[in-house]
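Working notes for the structure below.
The values are calculated or read from the model by the stated rules, or taken from the named source; none is laboratory data. Not measured: the values here are computed from a predicted model. No Cβ is skipped: glycine too gets one built from the backbone with ideal geometry, and neighbour counts run over all protein chains shown.
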Amino acid sequence: MSATSSPDAPAKTLDKRSPGKRSTARPLVYVLLSLGLLIMSAPFLWMAVSAFKTQSELSASPPVWIPTEWTLENFRQLLDKLDLPLYFMNSVIVAVLVTVSNLVFCSMLGYALAKLNFVGRNKLFGLVLGALMVPGNLMLLPLFVLMSKLQLIDSYAGLVLPFAAGAFGVFLMRQFMQSIPDELLEAARMDGASEWYIFWRIVMPLVKPALATLSIFTFLGSWNNFVWPLIATNDPDKYTLPVALATFATDPNKAGGSNGMLMAGAFLVVLPVLVLFIALQRHFTQGIATAGMK
């Protein structure tokens, strides 16, 4: 009996020790993650708090971290000197149109690459992967020439069409849709369902986490896009919010060195993206976790 029980003794001892090791390591992980979160969010917190500071507190040395008097004067001055509602609406229109078009077109192509058999499917997917490796700035000149030939400069179409579908969105949707069982789609086809019905009524409801993930990435990229709107717009009435704030910051007759107004403008730029992420956070994390599963 002693000979047979001795091999099990170390295993039992190891099992008893492992929960203790996990219990001591978990608080350390939480502390490290909290410290990293604080370091990463410090610039955003500084910007958000500075938007409500007075000019004297912004230029104080040593710096004032928490304002003694919270004020909305920076936002009032920004509204007086900058047509903020117009530029804000331009950014909303462009970002929403780009996001919706990516959700539709990337989902269609992702479904075709994941669930439809046709000649050249693997080559087309290889082309998508190749497009991911091309730097975005390399395409600015060809896109500008194309939009100029189509007479779409200084228009919403010129700001939206070059980004109506992205290689990353196609890759993400294709990888996620591969996790959908083929038997489910075959059963729908046997019942007489068309591919459009299968796509809209069966597949799309199952890929909501991936759609939420793609919407956040696309909206964030479009909302913060600065270079292309700067190139594709000459009319100030078509400026998006980042371009308008950049031109405002470099104009001494308007900004006048007021860091408070610039902080308020930056806060307004970040706020919609933050709200969108909080609203879709659960779907976002689920989409990231399951995008590569089959």
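Data for the structure
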| item | result |
| --- | --- |
| Criterion: out of contact with any strand residue (DSSP E or B) (no Cβ under 9 Å at 6 or more places or on another chain) and either within 27 Å of Leu184 (Cα to Cα) or not assigned by TED's automatic domain parsing to the domain that holds Phe168 (or both) - qualifying residue of Leu113, Leu97, Leu127 | Leu113 |
| Any hit, the range 68-86, residues being of a type in the set (Phe, Trp, Tyr) and touching a residue at least 24 places away in the same chain (Cβ under 8 Å) | yes |
| The range 183-232, residues that are among the polar types (S, T, N, Q) and in contact with a Gly (Cβ under 8 Å, 6 or more places away or on another chain) | Thr213, Thr218 |
| Condition check for Ala165: part of a helix (DSSP H, G or I) and surrounded by 17 or more Cβ atoms within 10 Å (Cβ to Cβ) | no |
| Residue selected from the range 115-151 under the condition of a type in the set (A, V, I, L, M), free of Cβ contacts under 8 Å to residues at least 12 places away in the same chain and part of a loop (DSSP other than H, G, I, E, B), by the criterion surrounded by the most Cβ atoms within 10 Å (Cβ to Cβ) | Leu150 |
| Leading residue by the ranking (surrounded by the fewest Cβ atoms within 10 Å (Cβ to Cβ)) among those in the range 63-92 that are assigned to a loop (DSSP other than H, G, I, E, B) and of a type in the set (A, V, I, L, M) | Ile66 |
| Within the range 100-109, tally of residues that are buried (at least 23 other Cβ atoms within 10 Å of the Cβ) and among the polar types (S, T, N, Q) | 2 |
| Criterion (over 21 Å from Leu271 (Cβ atoms) and surrounded by 15 or more Cβ atoms within 10 Å (Cβ to Cβ)) met by exactly one of Ala112, Ala60, Ala48, Ala95 | Ala112 |
| Residue count for the range 63-76, restricted to those that are touching a Leu at 6+ places or on another chain (Cβ under 9 Å) and within 16 Å of Leu268 (Cβ to Cβ) | 2 |
| Condition check for Gly158: touching a Cys at 6+ places or on another chain (Cβ under 9 Å), crowded, with 16+ Cβ neighbours inside 10 Å and assigned by TED's automatic domain parsing to the domain that holds Lys81 | no |
| Hits in the range 38-59 (condition: among the hydrophobic types (A, V, I, L, M, F, W, C) and assigned to a helix (DSSP H, G or I)) | Leu38, Ile39, Met40, Ala42, Phe44, Leu45, Trp46, Met47, Ala48, Val49, Leu58 |
| Some residue of the range 88-103 being farther than 18 Å from Asp235 by Cβ and touching a Gly at 6+ places or on another chain (Cβ under 6 Å) | yes |
| Verdict on Ala246 being more than 26 Å from the chain's Cα centre (by Cα) and at negative phi | no |
